[in-house]
Amino acid sequence: MGPRTMQSTLDQRAGALIGRESERAALLELVERDMPLVAFVHGIAGVGKSMLLQAAVVDARARGTLVVALDGRAFEPTERGFLSSLGGALNTPLATVVDVTGALASDARVLLTIDTHEQLRLLDAWLRQSFVPALPHNVRLLVAGRDTPTAWQRDLGGLLRTIRLDNLSDEAARTLLRRAGVDSAIAARVAQVARGHPLSLQLAAGALVERPGLPAEDAVLGPMVEELARLYIDGLDPMTRRAFDAASVVRRTTLTLLEPRAQCSRHPTRPVTASTAGPRGPACAPSCAPPGGPTSGATPPTCSTSSRTRSSAMRSSRAAQTSSRSNPPAPVITQP
Ligand SMILES: Nc1ncnc2c1ncn2[C@@H]1O[C@H](COP(=O)(O)OP(=O)(O)OP(=O)(O)O)[C@@H](O)[C@H]1O
Ligand SMILES: [Mg+2]
């Protein structure tokens, strides 16, 4: 027998999942029943998707099921990157989906898990339309990611089970804090602040240990907000990020204020800077004018007034608002 590794301790931790009983039971159906063929766990960052996935893996292995676990962070989001990662896990080279069928086919049930699916957006259509159909009948697929799996629902219908993870109940949140060594009275107060968001609860528990002298709320709020803000803002696409930055420093966001952050639709790498702005908003740099030169009249042909850029900025602004609305326990970006 080889040396004992930390994996067994990690498995124990995954097995000690708090709450999530119904979700865990639903995922066991992938191992014990004919249906569903695919399950998709989705929810916001830090809500516990990976932890639930790990618990499902522990449950499956405990029933003798072979588990093959992949993570979207571990390979490039291309067909080749995916097949190479899967081939590495199976210890056999895979060049095409036909090779996958051959490598995974057996009489025994196999559970294939893909965590952090949001890193594989570029590969999503291939996964749904080429990879899944090529899986042999004995394989069940479990995916976890932040995006709502609308396209998966459309393609797989009743063969797919979606599980949307929400924050933990108040009781489960207090249990998590107590298990992390937080005193019961303080746990009740901190649970209110974190609103059942597991990552926030973990961060809060860590902060309380690090700063024992401070009142609980003071100790947890700073580290919690800082880490959550980093997590969510890092996840935004560049355009949404710019709109989000602009919207975060003003009392009221208007399109005119966002416009300097937008880019010329004809020159996507060239930002329309405030230095080109006129009294009516950001004027078009001469080189951005449409063929034939600027039109005359009160409204110059500004880069930022092109309908494409305008609607893109508005979409980004809306996306930023939606993103901040759906964020857990109110890491509010406050007005100055
Ligand atoms: N049900 C739970 N019981 C105990 N701890 C949990 C639970 N759910 C999540 N956690 C803890 O909360 C933290 C965040 O969970 P996890 O990493 O699973 O979130 P996630 O949804 O996968 O986030 P991301 O979208 O960033 O991948 C981890 O430290 C995890 O151990
Ligand atoms: Mg995760």
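The table below gives the values:
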| read-out | value |
| --- | --- |
| L37, sole failed condition from (1) in contact (Cβ under 8 Å) with a residue 12 or more places away in the chain; (2) over 13 Å from T113 (Cα atoms) | (2) |
| Residue match in the range 249-260 (condition: under 25 Å from G48 (Cα atoms), surrounded by fewer than 20 Cβ atoms within 10 Å (Cβ to Cβ) and at pLDDT 75 or above) | no |
| Matching residues in the range 134-147 - criterion: being in a loop (DSSP other than H, G, I, E, B) and within 13 Å of ligand 1 (Cβ to nearest atom) | R146, D147 |
| S106 being within 16 Å of ligand 1 (Cβ to nearest atom), of a type in the set (S, T, Y) and in contact with a strand residue (DSSP E or B) (Cβ under 9 Å, 6 or more places away or on another chain) | no |
| Yes/no for L203 being within 16 Å of ligand 2 (Cβ to nearest atom), within 22 Å of the chain's Cα centre (by Cα) and modelled with pLDDT of 90 or more | no |
| Leading residue by the ranking (surrounded by the fewest Cβ atoms within 10 Å (Cβ to Cβ)) among those in the range 19-60 that are within 16 Å of ligand 2 (Cβ to nearest atom) and assigned to a loop (DSSP other than H, G, I, E, B) | A45 |
| Test for R128: is it in contact with a helix residue (DSSP H, G or I) (Cβ under 8 Å, 6 or more places away or on another chain) and not small (G, A, S) | yes |
| Subset tally (residues that are more than 19 Å from A39 (Cβ to Cβ), free of Cβ contacts under 8 Å to residues at least 40 places away in the same chain and not in a loop (DSSP other than H, G, I, E, B)) for the range 61-80 | 1 |
| Test: residue in the range 86-97 that is under 30 Å from A173 (Cβ atoms) and out of contact with any Lys or Arg (no Cβ under 8 Å at 6 or more places or on another chain) | no |
| Residue identified as exposed (fewer than 15 other Cβ atoms within 10 Å of the Cβ) and within 16 Å of ligand 1 (Cβ to nearest atom) among R174, R164, R195, R178 | R164 |
| Residue in the range 139-147 that is surrounded by fewer than 20 Cβ atoms within 10 Å (Cβ to Cβ) and among the aliphatic types (A, V, I, L, M) present | no |
| Condition broken by A108, with the remaining ones in (1) within 12 Å of ligand 2 (Cβ to nearest atom); (2) assigned to a loop (DSSP other than H, G, I, E, B); (3) hydrophobic (A, V, I, L, M, F, W, C); (4) modelled with pLDDT of 95 or more satisfied | (1) |
| Counted residues, the range 133-165 - those being of a type outside the set (G, A, S) and either under 15 Å from L27 (Cα atoms) or not assigned by TED's automatic domain parsing to the domain that holds L122 (or both) | 12 |
| Of all residues in the range 149-179 being within 16 Å of ligand 2 (Cβ to nearest atom) and part of a loop (DSSP other than H, G, I, E, B), the one that is nearest to E23 (Cα to Cα) | L165 |
| Condition check for L70: under 20 Å from the mean Cα position of the chain (by Cα), within 16 Å of ligand 2 (Cβ to nearest atom) and surrounded by 15 or more Cβ atoms within 10 Å (Cβ to Cβ) | yes |
| Positions within the range 217-235 being within 16 Å of ligand 2 (Cβ to nearest atom), among the small types (G, A, S) and in contact with a helix residue (DSSP H, G or I) (Cβ under 7 Å, 6 or more places away or on another chain), in sequence order | none |
| Residue within the range 87-97 that is polar (S, T, N, Q), under 18 Å from V31 (Cβ atoms) and either part of a helix (DSSP H, G or I) or away from ligand 2 (no atom under 16 Å from the Cβ) (or both) present | no |
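The values are calculated or read from the model by the stated rules, or taken from the named source; none is laboratory data. Small disclaimer: the values here were computed from a predicted structure and weren't measured. Reconstructed Cβ throughout: ideal geometry from the backbone, glycine too, with neighbour counts over all protein chains shown.
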